[in-house]
Structure formats: C-alpha cells, structure tokens
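Only one structure is covered here, and it is reproduced in the block below.
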Amino acid sequence: MAKVLIVYYSKSGNTEAMARILADAAKAAGAKVTLKRAEDATNDDLVSADAVAIGSPDYFSYPAGFVKAIFDEALSIKAKLSNKPALCFASHGGGGKLKGPFEQLMKSIGLKLVMPCILCQQAPAGETIDVLKKAGESLVKAVAR
C-alpha cells in the first residue's frame, strides 16, 4: 500500500479544502494517507512517504513561510527524496503566479512532479475538484511505476 503524505498551510481554509480532496482521492485509489499542516511536517515525514503533495496559498507569487521552511529543511535530505513522486497545489485570491516558483522548489529538493502545479482561485469547485481528484489518483499510480 502506497504511503502518501499531503502537507499544506491554510489560513482561509481554501488550501486545506484542496488538501482534503487530494487525500480522499488518494485513499480511494488505495493509499494510506497522512495529512499534515506545514508547521507540523518534518524531514522524517517526507522521507517515510512514498509520494508527497505540498500545498500553500499564493503569497505574492511565493508559498507561505511555513511551506518555504519545509523546502529549506529538506535540502539536507535531497538525496533521500530523489525522484519521489510529488505534486504541488495552491490557492490564490487572483493572479495565481505561484506555479513556476512552486514547481521549481519541488524539483530543487529532488521531488519528481507527476503533473503541473494545481492552482485554484478561492475555494475549490467544479473543474478544480475534478483535477484534484485525478491528481490524487495520479500520485498513487506514480508510486507503482
């Protein structure tokens, strides 16, 4: 059974809603899912997972401080994260320019993105929910490859 870690920071609840949709989809695909707030996540959590999803609000085209701290700390374990399946997701109030920087941060610690960063303006709805569900399934399938 694949172990999927979903880490997120959420102030308004929008990013948390995205994380919960991903978690439900990964569970439905057969994974054991651990959902953690960014401020509680550790390098051990990242290493012990078979796949990782990290989510953040878009703050001036950059992730929240607690999420950025995960990347800073994970540089020391980059070799242990090399090619681990991963995805990133972000909510924003408008503009939504976090995609490129967020994807680069994921790659900088050795994670292998299974799909482009998922952006959602405000709370997830409609097509975004479908994309998140597919992403959760894709993350679990990537572990088996």
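Is it the case, given these coordinates, that K27 is in contact with a strand residue (DSSP E or B) (Cβ under 6 Å, 6 or more places away or on another chain), assigned to a helix (DSSP H, G or I) and basic (K, R)? When the stated conditions are applied, K27 passes them. Per the listing G110, G95, G136, the residue uniquely out of contact with any Cys (no Cβ under 8 Å at 6 or more places or on another chain) and exposed (fewer than 13 other Cβ atoms within 10 Å of the Cβ) is G95.
Entry remark, the stretch 74-114: residues being more than 16 Å from the chain's Cα centre (by Cα), in a helix (DSSP H, G or I) and either of a type outside the set (V, I, T) or modelled with pLDDT under 95 (or both) number 5 in total. Scanning the stretch 30-63 for residues that are in contact (Cβ under 8 Å) with a residue 60 or more places away in the chain and either basic (K, R) or out of contact with any strand residue (DSSP E or B) (no Cβ under 8 Å at 6 or more places or on another chain) (or both) yields a single hit, G30.
Return yes when I70 is aliphatic (A, V, I, L, M), more than 11 Å from the chain's Cα centre (by Cα), crowded, with 22+ Cβ neighbours inside 10 Å and at pLDDT 95 or above and no when it is not.
Details: aliphatic (A, V, I, L, M): yes; more than 11 Å from the chain's Cα centre (by Cα): yes; crowded, with 22+ Cβ neighbours inside 10 Å: yes; at pLDDT 95 or above: yes.
In short, yes.
For the stretch 37-50, state whether one or more residues are at positive phi and surrounded by fewer than 22 Cβ atoms within 10 Å (Cβ to Cβ). Quick ask: steps written out before the conclusion?
The first filter runs over the stretch 37-50 and keeps only residues at positive phi, leaving none.
So far as the stretch 37-50 goes, no, none of its residues is at positive phi and surrounded by fewer than 22 Cβ atoms within 10 Å (Cβ to Cβ).
Apart from one condition, D130 fits all of (1) among the charged types (D, E, K, R); (2) under 14 Å from the mean Cα position of the chain (by Cα); (3) surrounded by fewer than 17 Cβ atoms within 10 Å (Cβ to Cβ); the exception is (2).
For the condition at pLDDT below 95 and of a type in the set (D, E, K, R), what is the one hit in D58, D24, D44, D50? Walk me through how you get there before you give the answer.
Details: D24 fails: at pLDDT below 95; D44 fails: at pLDDT below 95; D50 fails: at pLDDT below 95.
Unique residue meeting the criteria: D58.
Evaluation of A125 against the conditions (1) among the small types (G, A, S); (2) part of a loop (DSSP other than H, G, I, E, B); (3) farther than 18 Å from S10 by Cβ shows that the sole unmet condition is (3). Report, by residue number, each residue of the stretch 7-24 that is part of a helix (DSSP H, G or I), out of contact with any Leu (no Cβ under 8 Å at 6 or more places or on another chain) and of a type outside the set (A, V, I, L, M). Of everything in the stretch 7-24, those that are part of a helix (DSSP H, G or I), out of contact with any Leu (no Cβ under 8 Å at 6 or more places or on another chain) and of a type outside the set (A, V, I, L, M) turn out to be N14, T15, E16, D24.
The values are calculated or read from the model by the stated rules, or taken from the named source; none is laboratory data. Predicted model, so just to flag it, every value in this text is computed and none were measured. In this analysis, Cβ positions are derived from the backbone assuming ideal geometry, glycine residues included, and neighbour counts consider all displayed protein chains.
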